[in-house]
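The structure appears right after this line, and notes come after that.
The values are calculated or read from the model by the stated rules, or taken from the named source; none is laboratory data. Every value quoted in this text rests on a predicted model; they were computed, and no experiment measured them. Note: ideal-geometry Cβ built from the backbone for every residue, glycine included; neighbour counts use all protein chains shown.
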Amino acid sequence: MHKISGDSQTLAQSIRAASWLIAGLAALPLSNATAADSSDQEPTLKPVTVTATRREESLQKVPVAVSVIDGEQLERDNRNGVASIVQQVPSLNFRTGASNKDTSLFVRGVGTISTSPGVEPTVATVIDGVVYARPGQATLDLLDLERVEVLRGPQGTLFGKNASAGVLNITSKEPTNETHGYIDQSYYSGNESRTQFGLGGSLIPGTLKGSITTLFGSYDGNVDNKYNGQEVNGYNHKGVRGKLEFTPNDDIKLTLIADYMQSHDDAPNGVVSQSLTPAFANALNPVRGASDNRDINTETRTHVDDINKGLSAQLDWNLGDYTLTSITAWRGWDNTQYQDGDRLSTVTAAFPGTADKGDLTFDQYSQELRLASPKGEFLEYVGGLFYMHGKDQETYQRTLTAPTSVNRGVADYGTTSDSYAVFGENTLNFTSNFRGIAGLRWTHDELEYDHQRVSTSAITVSGIQPGTGSSGSVDEDGWSGRLGVQYDLSDTITTYLTYSRGYKGPAYNVFFNMQPRDTEALKPETSNTWEAGIKATSWNNRLTTNLAVFHSDYDNYQANFFDTVAGQVVTRLINAGSVSTEGVELDYALQATQQLKFSGALAYTRARIDEFACPVGAAASCNVDGKPLPFSPDWKSYMRADYTIALDNGLDIELGTDYSWQSEVQYDISQNADTKQGAYGIWNASVALADYSNGWRVALLGKNLADKSYSPLLASGGNYIYRAVPRDDERYFGVQLRKDF
């Protein structure tokens, strides 16, 4: 069990108390008369525009709980993918794994953990209007980012693919009219290097502009393999993203996007953090299981080769005061993973060797049509049609090696899915400051699967079931929607109250060890969410405070539960019963002076299992009613301060620091006492020298300055507990150099 030290715990509690104090002060809309700065140029916050309602609107006006992260700041913080932003958004959590195929996002404590291709994500990822059907697709490096919006709660009435818990809405930068290029080179300890190059501008003045961005990144890793002396837990990434924007007249804009990312990652399949038996501890030698262990001892190299690619075309057509939007997209995903299952370097009768290889090929095609009415009318609406087709084909092989025998199982399986939807949301402007909100969505899902497994053994052996075959299909209709009211207390304060119905389609537990008991389709997951919020801008536009209170109930919750196959731990996707989540969220930003800005967020999320439906033959305890949902700490907070010193010679010194903290979290739905991560905090800082008139910036970064080891994943392997090792598991430093031209 990972616990922080007494001194660190006191520090974390002090930080939490300070967060509450800041939150209390920030929640008070201050009078303009209290402005402290009477200089000729008042310091103000930059306006934040979002597309959370499928229109460009001010963050402070949308009746949705949204957290926004600036893309440029993410790049400067060496946060390059979805997994790295969870420290900045307290209501967002991420489940990592040795393969990105096994990852998952959680919003307000709710997400789906499964490697099955027969289940859709609870939290949708949308990049430039294109929905990513599988969670693992979204783990690619994000290039040329404009911003990331984290929308909390059901969002099916406005987004193409239904999202029962939330949406990660990612927007890339638009090409500029002026020719502009840059090169960004970063070096970090551990031999990590990242190079980005971008070029864009007008190709046909007034008609066609474009941009292209490339990435080359590599990292040796921060885990040592004692078997061969190699460093692992690193990566080698390279990719390119191109964008063309064609505007033949004032009413038509056509945007074409193509991207290709090739990734090679060698994250180990867990680092042993605790040996549960003396026999396994002896077999693991010379590695010692510990909460901060970063060593492995294995002859099998766990690694993943991943290719993510896509094409999309978005047409925005102004039909008078109306806007018609069409988004046509294809995405392809190829993933090959090699995993060490036993985590040992030698094979014995007590601990046979296990090695896995999985090949995945996935293609998706989507079409979205959306019509937005004019702004300023009594009735404003956004309505649309959506279709997505997905086809997945996988081959998974497991080899069990004992001193005198070798057993092998191979499974070929796949799914085909089709989803159709009609969706829309209306805003009724009863008065200039009082509005009604009504949205509705109908979804029709068709899902089929085929599964064939052969085995060299006619009986169950460790981690391999005997041969079997099955197929099936299911189709379901689902309704979801949103009702609410919004009332502006003043020009700078708005309040809202909404009820949302969430829906997530049927699923199949399709995986390597699929058995006859898994052939029945899981029921759709539904939810009911109440949310009340207030968004305030005050102190002459120097302070924004956004507060949301929510309560959600989920029925037929789709979740993984741990099981065993002849002593080896596996997972089963089930309708786990009913769960609920409720809490309070706060986002704030304060431009204290022209040079000093504070920002941050705080979330209290009480996500609990209300009534667990114990599956037949469960190997783990089902006595979990009232217990926390996995990957959901009760408390998370993030605080940031940025200070700029302008020098007389045109140079700027930029100082930045941030601190994220979270309370204890349980990673296992069966409530294993050994898979709890104790409370911890991560402190980062940076200093930069910039001359923006000449287009250059140099920065020095320090990550995890307190050198705090923590685990974003803890899980049971039967005889041991293993953990995932994050990039910032120990203190490290880096330097960034950027030149614009």
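Which residues, taken from region 126-169, are of a type in the set (D, E, K, R) and outside any loop (DSSP other than H, G, I, E, B)?
Looking only at region 126-169, we keep the residues that are of a type in the set (D, E, K, R), and these are 128, 134, 141, 144, 146-147, 149, 152, 161.
Correct list: Glu146, Arg147, Glu149, Arg152.
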Per the list (1) touching a residue at least 12 places away in the same chain (Cβ under 8 Å); (2) of a type outside the set (Ser, Thr, Tyr); (3) under 30 Å from Gly678 (Cβ atoms), residue check on Asn282 breaks on (1)
Please specify each residue of region 500-554 satisfying the condition of being hydroxyl-bearing (Ser, Thr, Tyr), surrounded by fewer than 22 Cβ atoms within 10 Å (Cβ to Cβ) and either over 25 Å from the mean Cα position of the chain (by Cα) or modelled with pLDDT of 95 or more (or both).
Thr519, Ser538
Looking only at region 660-695, which residues are more than 23 Å from Ser273 (Cα to Cα) and in contact with a Leu (Cβ under 8 Å, 6 or more places away or on another chain)?
Trp683, Asn684, Ala685, Ser686, Val687, Ala688, Leu689, Ala690, Asp691
Test Leu700 against the criterion of being touching a residue at least 12 places away in the same chain (Cβ under 8 Å) and either of a type outside the set (Gly, Ala, Ser) or in contact with an Asp or Glu (Cβ under 6 Å, 6 or more places away or on another chain) (or both), and give yes or no.
yes
Restricting region 334-352 to residues that are closer than 22 Å to Asn293 by Cα and of a type outside the set (Phe, Trp, Tyr), the one surrounded by the fewest Cβ atoms within 10 Å (Cβ to Cβ) turns out to be Thr346
When restricted to Thr96, Thr112, the only residue closer than 30 Å to Arg301 by Cα, surrounded by fewer than 23 Cβ atoms within 10 Å (Cβ to Cβ) and in contact with a Pro (Cβ under 8 Å, 6 or more places away or on another chain) is Thr96
The residue that is nearest to Asn546 (Cα to Cα), considering only those in region 591-608 that are among the hydrophobic types (A, V, I, L, M, F, W, C) and surrounded by fewer than 22 Cβ atoms within 10 Å (Cβ to Cβ), is Phe598
In region 209-234, which residues are within 22 Å of the chain's Cα centre (by Cα), surrounded by 20 or more Cβ atoms within 10 Å (Cβ to Cβ) and not in a loop (DSSP other than H, G, I, E, B)?
Leu215, Tyr219
Report the residue count in region 468-483 for those that are surrounded by fewer than 21 Cβ atoms within 10 Å (Cβ to Cβ) and under 20 Å from Val167 (Cβ atoms).
3
With the requirement that a residue be of a type in the set (Asp, Glu) and either farther than 30 Å from Leu360 by Cα or in a loop (DSSP other than H, G, I, E, B) (or both), what does region 472-496 give you?
Asp488, Asp491
List the pairs whose first member sits in region 300-319 and is within 16 Å of Tyr132 (Cα to Cα) and free of Cβ contacts under 8 Å to residues at least 60 places away in the same chain, whose second member is among the charged types (D, E, K, R) and surrounded by fewer than 16 Cβ atoms within 10 Å (Cβ to Cβ), and whose Cβ atoms are under 9 Å apart, counting only residues at least 6 apart or on separate chains?
Ile307/Asp334; Lys309/Asp334
Kindly indicate whether Phe106 is farther than 23 Å from His237 by Cα, in a strand (DSSP E or B) and of a type outside the set (Val, Ile, Thr).
yes
Restricted to region 236-273, and to residues that are among the polar types (S, T, N, Q) and over 28 Å from the mean Cα position of the chain (by Cα), which residue is farthest from Ala350 (Cα to Cα)?
Asn249
Output the qualifying pairs, or none if there are none: Cβ atoms under 6 angstrom, residues six or more apart or on different chains, first residue in region 49-74 and among the acidic types (Asp, Glu), second residue assigned to a loop (DSSP other than H, G, I, E, B).
none
Which of the residues that make up region 461-514 are touching a helix residue (DSSP H, G or I) at 6+ places or on another chain (Cβ under 9 Å) and of a type in the set (A, V, I, L, M)?
Val510
Just one of Thr443, Thr416 is of a type in the set (Ser, Thr, Tyr) and over 30 Å from Gly341 (Cβ atoms); which is it?
Thr443
When residues of region 53-89 are limited to those that are over 19 Å from Trp683 (Cα atoms), assigned to a helix (DSSP H, G or I) and out of contact with any Lys or Arg (no Cβ under 6 Å at 6 or more places or on another chain), the one modelled with the lowest pLDDT
Val82
Return the residues of region 724-733 that are assigned to a loop (DSSP other than H, G, I, E, B), in contact with a strand residue (DSSP E or B) (Cβ under 8 Å, 6 or more places away or on another chain) and surrounded by fewer than 21 Cβ atoms within 10 Å (Cβ to Cβ); say none if nothing qualifies.
Asp728, Arg731
Residues that are assigned to a loop (DSSP other than H, G, I, E, B) and hydrophobic (A, V, I, L, M, F, W, C), drawn from region 685-723:
Leu705, Ala706, Leu713
Filter result for the condition that a residue is modelled with pLDDT under 95, over 21 Å from the mean Cα position of the chain (by Cα) and buried (at least 16 other Cβ atoms within 10 Å of the Cβ), over Val624, Val616
Val624
Check on Asp668, without any contact (Cβ under 8 Å) to a residue 24 or more places away in the chain, among the charged types (D, E, K, R) and assigned to a loop (DSSP other than H, G, I, E, B)
no
What about Gly469, is it in contact with a Pro (Cβ under 9 Å, 6 or more places away or on another chain) and in a strand (DSSP E or B)?
no
Out of (1) modelled with pLDDT under 90; (2) surrounded by fewer than 23 Cβ atoms within 10 Å (Cβ to Cβ); (3) more than 28 Å from Gly384 (Cα to Cα), the one Thr49 does not meet is (3)
Would you point out which residue out of Tyr643, Tyr667, Tyr680, Tyr638 is under 30 Å from Pro43 (Cβ atoms) and surrounded by 19 or more Cβ atoms within 10 Å (Cβ to Cβ)?
Tyr638
Do we have any residue at all in region 639-658 that's modelled with pLDDT under 95, in a loop (DSSP other than H, G, I, E, B) and either over 30 Å from Gln594 (Cβ atoms) or of a type in the set (Phe, Trp, Tyr) (or both)?
no
Out of (1) in contact (Cβ under 8 Å) with a residue 24 or more places away in the chain; (2) farther than 19 Å from Glu120 by Cα; (3) surrounded by fewer than 22 Cβ atoms within 10 Å (Cβ to Cβ), the odd one out for Ala411 is which?
(3)
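For (1) in contact with a helix residue (DSSP H, G or I) (Cβ under 6 Å, 6 or more places away or on another chain); (2) of a type in the set (A, V, I, L, M); (3) closer than 19 Å to Leu140 by Cβ, each residue gets a yes or a no:
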{"site": "Thr214", "(1), (2), (3)": "no, no, yes"}
{"site": "Asn228", "(1), (2), (3)": "no, no, no"}
{"site": "Glu245", "(1), (2), (3)": "no, no, no"}
{"site": "Leu254", "(1), (2), (3)": "no, yes, no"}
{"site": "Tyr260", "(1), (2), (3)": "no, no, yes"}
{"site": "Asn282", "(1), (2), (3)": "no, no, no"}
{"site": "Asp292", "(1), (2), (3)": "no, no, no"}
